[in-house]
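The values are calculated or read from the model by the stated rules, or taken from the named source; none is laboratory data. For clarity, every value in this text was computed on a predicted model and none was experimentally measured. Every residue, glycine as well, gets a Cβ built from its backbone with ideal geometry; the counts of neighbours run over all protein chains shown. Areas reflect the complete protein model, heavy atoms only, side chains present, ligands, DNA and RNA absent. Shrake-Rupley method; radii C 1.70, N 1.55, O 1.52, S 1.80 Å.
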Amino acid sequence: MNDPTIFFKQKLPFSPNENHWFVLAVPINCEFKLQAKLKEEAQINSFIPTRRIRKRDKHGRFYYEERIAIHNYVFVNCSYDKLCDVRNRINDSFTFNFLSKDYYENDIRIGRVPVTIPRNEMNDFISVAGNNKEKVLFLNSENLDLTQGQRVRIISGEFAGVEGIYMRTSKKHERRV
């Protein structure tokens, strides 16, 4: 397989000319460079989750620094065909690969396909991971009875409408998620 845009010769499980959210694997510390290049070359929408870190300078004053929260990944919203075209054009200066998974039909492994993220899940991820305020959310229900792995939806506050999976509370007697 010399052509880097073809994962396998069979039909892709998604439409290659419709927009999808893809995960691109990039070399470390190249995330923002690739994001700028994709925006400049083809006006491709992308997202890199960041977090604010409180640091102290040499004079003892505090300042905040933006850091990448998930290294080596850039989330991109465009069509597969367009992304492959851009990849072939900028391949000399930037290298990136699709995060891929095995694809099966009738329990037979066909090949590998790029990972796509559903739009609603990506919107929830952006609303939570794109928020740099780092506030602690308190649950207001005293009779909260959630178990790990249960699906939840936030109904008020900054993250209203976001759905996810309950993982754990921070301590046994606290009600922080």
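Okay, residues lined up against (1) at positive phi; (2) among the aliphatic types (A, V, I, L, M); (3) open to solvent by less than 30 Å² (accessible area, probe 1.4 Å):
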position	(1), (2), (3)
CYS84	no, no, yes
ASP102	no, no, no
ILE108	no, yes, no
ALA129	no, yes, yes
THR95 more than 23 Å from ASN29 (Cα to Cα), modelled with pLDDT under 85 and either open to solvent by less than 50 Å² (accessible area, probe 1.4 Å) or in a loop (DSSP other than H, G, I, E, B) (or both): no
Condition met for TYR64 (aromatic (Phe, Trp, Tyr) and closer than 22 Å to PRO13 by Cβ): no
Close pairs from region 71-91: first under 15 Å from THR116 (Cα atoms), partner open to solvent by 70 Å² or more (accessible area, probe 1.4 Å) and of a type in the set (S, T, N, Q), Cβ under 6 Å, at least 6 apart: ASN77/ASN19; ASN77/ASN45; CYS78/ASN19; SER79/ASN17; SER79/ASN19; ASP81/ASN17
Within region 17-53, tally of residues that are assigned to a strand (DSSP E or B) and within 14 Å of the chain's Cα centre (by Cα): 11
Within region 98-128, tally of residues that are in a loop (DSSP other than H, G, I, E, B) and out of contact with any strand residue (DSSP E or B) (no Cβ under 9 Å at 6 or more places or on another chain): 2
Tally, over region 110-120, of residues that are under 18 Å from SER46 (Cβ atoms) and surrounded by 13 or more Cβ atoms within 10 Å (Cβ to Cβ): 4
Subset tally (residues that are closer than 27 Å to GLU121 by Cα and open to solvent by less than 90 Å² (accessible area, probe 1.4 Å)) for region 42-67: 10
